[in-house]
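Notes for the one structure printed next.
The values are calculated or read from the model by the stated rules, or taken from the named source; none is laboratory data. This one's a predicted model, so the numbers in the text were calculated from it and none came from an experiment. Heads up, the Cβs are rebuilt from the backbone with ideal geometry, glycines too, and the neighbour counts pull from every protein chain shown. Keep in mind that these areas ignore ligands, DNA and RNA; they rest on the heavy atoms of the full protein, side chains included. Shrake-Rupley method; radii C 1.70, N 1.55, O 1.52, S 1.80 Å.
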Number of protein chains: 2
Amino acid sequence: MTTAVEKYATEGFGAANLPYASVTHDGRTFLATRLGDRVIDLGALADRVGGLDAEAAAAASTPNLDALLAGGPSVWRPLRTWLTATVTAADSADAVADAGVPVDEVGYAMPFTPADYVDYYASEDHATNIGKMFRPDEAALKPNWKHLPVGYHGRSGTVVISGTDIVRPKGLRPTADGIPDFGPSTRLDIEAEMGFVCSGAPTGTEVSVAEAPEYIFGAFLFNDWSARDIQNFEYVPLGPNLGKSFASSVGTWVVPLEALDAARVETPQREFPVASYLEDGPSAGGPWGLDIHLEVDLNGETVSRPEYRYMYWTAPQMLAHMTVNGGSLRPGDMFGSGTISGPEKNTRGSFIELSWGGKEPLVLADGTEMVFLQDGQNVTMRATAPGANGETVSFGECSGTILPARPTRDAQEA
Amino acid sequence: MTTAVEKYATEGFGAANLPYASVTHDGRTFLATRLGDRVIDLGALADRVGGLDAEAAAAASTPNLDALLAGGPSVWRPLRTWLTATVTAADSADAVADAGVPVDEVGYAMPFTPADYVDYYASEDHATNIGKMFRPDEAALKPNWKHLPVGYHGRSGTVVISGTDIVRPKGLRPTADGIPDFGPSTRLDIEAEMGFVCSGAPTGTEVSVAEAPEYIFGAFLFNDWSARDIQNFEYVPLGPNLGKSFASSVGTWVVPLEALDAARVETPQREFPVASYLEDGPSAGGPWGLDIHLEVDLNGETVSRPEYRYMYWTAPQMLAHMTVNGGSLRPGDMFGSGTISGPEKNTRGSFIELSWGGKEPLVLADGTEMVFLQDGQNVTMRATAPGANGETVSFGECSGTILPARPTRDAQEA
C-alpha cells in the first residue's frame, strides 16, 4: 500500500508541485501532471480513481488546459484538491502506475491556446540596460517606467511549445547610411521570462491585485526570442513588432499559482507610491514577489542565472493593469514578465545584456566568444522555486534550437 | 421572372458588392449578404437554390466568416461566383425574397473571430500630425517610417462589432509634475481606419505582395478608439497598450477584396525605393492603392471625409511585411490601416488631428466647440468605393456611442 508520492516523487516534482502539461505519447495528446519521472494522464487517472466532480473530470479528459481555464477557479481548485488527495492516498501508487508513462517517452504540445498575449518589461535592471544600449543619449528609464508596468501586445499565433526549432527571422536591419538592409537577423537573442496564463473575465471586470489568484491559473517558463537588429530599426514609435513576432516559446510545464505560495517574497523597494489599483502590499494579499531561480543554458553550458525576486512589478499588478481600462480577459490570455535581469552580470536574462551589445563578448567554457545566437545553438531554460513543506517546485524546461534563415524568395516569383 | 438584382439592388449594395455580415434576426445568427435593403441568409439561399459545392455550402450555413476564412480562396471564390450567378439569374427574385429579411429588422454580430490583430500607421499625414503633437521637439516622422509599414499588435479580445457601446476607459494620465493621475480619459478619440481580414498560412510562408489576394479575404470599416492621454503617458518605448486596448470597432459589412478591383489606384509617390519584398508595382499585381471614400459623423453631423487613396503603404505591403520574418497567419488574422488622414484638414481621421490637440476646436453646426469625445456622443463611420460596371460599393457603417466611465472600485474592496 505505497502512496504514489512515496513511489515516484523526486526533487522538483513532488506533491507540492503537481504541474500541468499537454503531453503527446503513442499518438495521443492528453492533459497530464507529473510526479518525479512519471507523467500521469489526468483523464485516465480520473476514470480509474473516481471522486472528481463532473465538470473537473471532463476538463481532466481533454488534451490541454483550455477547458480548465474556461471553467475558472471553481473547476481548477477542486481538480488540484482531488489530485493532491489522490497521489497521497495510501494505495495510490498502482493507480498512478497504470495512468502514467515515463517522462523520457513523452513529447509536449502547447499547454493552452493563447488568446491575447501581453509582454511586460518589469525588471528594472533589464529596462535600464536596454535603455542605455538602445538610447545612449537619454535617461535609461522613461518617465512612465516606475508608475506603471510598461507592456505591449505580442503575436499569439507564433507562441510555440518548448522544443520547437526557431528559424532565424529575416527583416530590415539598420545600416550606417540610414537605408535599411534586408536579410537574416545577425543579432538573434533570447529573453528569459516567466509567463502567466489566465481564465476569462467580462468587459469591465477591473481585476484587483487581491483578486488576481481568481484569474491567474499558473506560471511557466517563457522565452521571447528577439531579433535585436530588426527590433532596433522598427520599434519607434509603436513598439516591437517583427523583431519579436516570429516565435515565443512556452515551457513544458505550467505550475499552478497555488504551488508558488511558498515562493512569495517581498518586491524591491519602489521609488514612487503606486496608483491605488496597483497596490500589492498586505492589504492586497501581498507580498507578490516570487523567489523563482532561473537558469539559462547555451548548448548545455549555464550562461546566466536570473532571479525573479528582482522584478519591480508583480504578476497581480500586471493583470490589474491590463484590465483597469475596462478591457476583458479571455480564457488563455497570457502575459510575460519581460526579461528577468538582476544587478549582477551573471543574472542577466538576454545575450544583448550578457555581452553588452557585443562590446563585452561572453567567453564560453571552451574559450570561444559568444555575442548573439548562431545557427545550430540550443538554448534551454530551467527554473525552480521553493514549494510547500520544504519541497522544491520545478518548471521543467523551455528549449529551442536555432535553424538557419529560410532562403529569400525572388520577389517576382509569385 | 425578375432577377434579384433588378428587384432589390440599390446604390452601394448591387451585384458588384455582395458583402458579408454575421446577422442576427429573430433569435438566429447567420452569415448573410446584402442586395439593397434585403439581407439574405446565405445558408437558406444555398438550400433553396442549390448548385454550390459541399464545402462552400457548409461554410455558407454557419453564423459568420470563420469557416470561409479557414477554407481560404478555394472556398470563398466559388461561393462568390455562385452568389453572383444566383442573384443575376432570370428567376432569382423569389428565392432572394424567401431567403431574405429587411435590413432594418436585423442586428449584427462579429463577422469573424479575430485571431491576431496588427494595427499599422500607414498615412503619412496622420503619422506626421501625431509626431508633431506627441514629439514637438523632434522630426515628425521617425527614420524607419518610409522604409517599412510601422505597426504593432493590438488586443484581439476587445475587437467588437459596430453598435457596441464604448465605455470611457480609465488609466494613468500625465500631469505637469510627472506623477500620473488615475481616472477616466479626458482625451477620448477615434481613429478612422479600414481593416482587412485574412485566411491562414503556415509558418514561413512569406506572403508576397502579388500573392496577397490569396490571403486577404476582404475589407471593412474599423474604428480604433484611442484614449490619447493614457496613450501619451504609457507608449514609450514599447508602444500603445491600455490607451487602445479597451475597444476597437469593426464595421457591419466585410467587402470581398475582389469587389474592390475597380477601386484600385496608384499610391502616392514614395520618397525612397522600398525593399524588394515590399515592391507593389505592376510586377506585383499593382497598383494597390484603394479609392475608398470615408465619412465620419458625430451625432449625425459629418465632421471629416478621409480618403484612403492618400495611404503611403498598401494592404498587400502590410501583409507581406507581417509575414516576411517567417511568422504564420491564422484564419481571422486581421490588420488595420492606421488612421486615414489626408493633407486637407477636413480629411483628418481623428479628433486629435481635427482639433490639433485641442488648440483649434472643431466648431459644430450648432455653434458648439468640439475637441475630444463627450459621454453620450455617437460616432458613425461610412465608406464607399467604385465598384465594377460603374456601380458603387458600400461598406455599411461602423458606429459606437460613448458611455460614462464605470465608477472606480475601492482598491481595498476585494
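Here are a few things to note about the model shown:
- Contact annotation: residue pairs with Cβ atoms under 7 Å, 6 or more positions apart or on different chains, pairing a residue in the range B:225-251 that is at the interface with chain A (Cβ under 10 Å from one of its Cβ atoms) with a partner that is in a helix (DSSP H, G or I) and among the polar types (S, T, N, Q), are B:PRO240/B:GLN231; B:GLY243/B:GLN231; B:LYS244/B:GLN231; B:SER245/B:THR158; B:PHE246/B:THR158; B:ALA247/B:THR158.
- Filter result (open to solvent by 10 Å² or more (accessible area, probe 1.4 Å), assigned to a loop (DSSP other than H, G, I, E, B) and more than 9 Å from every other protein chain (Cβ to nearest Cβ)) within the range B:205-224: B:THR205, B:TYR215
- Some residue of the range B:259-278 being within 14 Å of chain A (Cβ to nearest Cβ) and either of a type in the set (Lys, Arg) or open to solvent by less than 10 Å² (accessible area, probe 1.4 Å) (or both): yes
- Any hit, the range A:83-96, residues being in a helix (DSSP H, G or I), out of contact with any helix residue (DSSP H, G or I) (no Cβ under 8 Å at 6 or more places or on another chain) and touching a residue at least 60 places away in the same chain (Cβ under 8 Å): yes
- Of all residues in the range A:177-190, those that are open to solvent by 10 Å² or more (accessible area, probe 1.4 Å), within 17 Å of A:VAL371 (Cβ to Cβ) and either aliphatic (A, V, I, L, M) or in contact with a Ser or Thr (Cβ under 9 Å, 6 or more places away or on another chain) (or both) total 2.
- For A:CYS198, the conditions (1) more than 14 Å from every other protein chain (Cβ to nearest Cβ); (2) touching a Gly at 6+ places or on another chain (Cβ under 9 Å); (3) open to solvent by less than 10 Å² (accessible area, probe 1.4 Å) all hold with the exception of (1).
- Number of the exception - B:LEU298 against (1) more than 8 Å from chain A (Cβ to nearest Cβ); (2) farther than 22 Å from B:PHE134 by Cβ; (3) in contact (Cβ under 8 Å) with a residue 12 or more places away in the chain; (4) open to solvent by 10 Å² or more (accessible area, probe 1.4 Å): (4)
- Hits in the range B:162-192 (condition: assigned to a strand (DSSP E or B) and touching a Cys at 6+ places or on another chain (Cβ under 9 Å)): B:ALA192
- Residues satisfying the stated conditions in the range B:132-147, i.e. in contact with a helix residue (DSSP H, G or I) (Cβ under 6 Å, 6 or more places away or on another chain) and facing another protein chain (nearest Cβ under 7 Å): B:ASN144
- Put simply, of B:GLY338, B:GLY357, B:GLY332 the only residue that is touching a Pro at 6+ places or on another chain (Cβ under 6 Å) and either open to solvent by less than 50 Å² (accessible area, probe 1.4 Å) or outside the structural domain of B:ALA227 (by TED's automatic domain parsing) (or both) is B:GLY332.
- Any chance B:ALA122 is crowded, with 20+ Cβ neighbours inside 10 Å and more than 30 Å from B:TYR310 (Cβ to Cβ): no
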